[in-house]
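Here is the structure we will look at.
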Amino acid sequence: MSKIEHAIQTALEIICQLHNENKTVSVAAVRNRALLPLPLPAITKAVSAFKENPETYLKAWQHNNPQAIAVEEPEVEQLTELTLEQRVVQLEQQVAQLQQALDKLVNKVD
């Protein structure tokens, strides 16, 4: 796989993550999320391809990332109804999920 193909693949991975988090998919968002700098032409190509046919890329990404779940913003009312202990438990679960995702990414890089 050439460097540009790898950069496009990396950009598509980031795009799917952004979409899964209900964030705006844009060249700037991809550049900001990338751990290493990606060539601008690769990012633009990936964003264009994704916007033309998002279902295809999302389906493949979800197949390769079964643990990927949509990050939902908790409603303010929901937070006020929970006790402090329940909120801490929720945060601990979220931290554990993020740690697992981070470990998986680090293992892919190594």
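Estimated purely from DSSP H runs of n ≥ 4, each contributing -39500 (n - 2.57), the mean residue ellipticity at 222 nm for the chain is -23500 deg cm²/dmol once divided by its residues. Counted by Cβ distance under 14 Å from P37, the other residues give a net charge of +3, where Lys and Arg count +1 and Asp and Glu count -1. For mean projected area of the Cα convex hull in nm², several values are listed as (i) 8.2; (ii) 14.8; (iii) 6.0; flag the one computed from this structure. Computing mean projected area of the Cα convex hull in nm² and matching it to (i) 8.2; (ii) 14.8; (iii) 6.0 gives (i).
Where a number appears in this text, it was derived from the coordinates with a stated rule and is not lab data. These numbers come from a predicted model, not from an experiment. Every residue, glycine among them, receives a Cβ derived from its backbone with ideal geometry; neighbour counts consider all protein chains shown.
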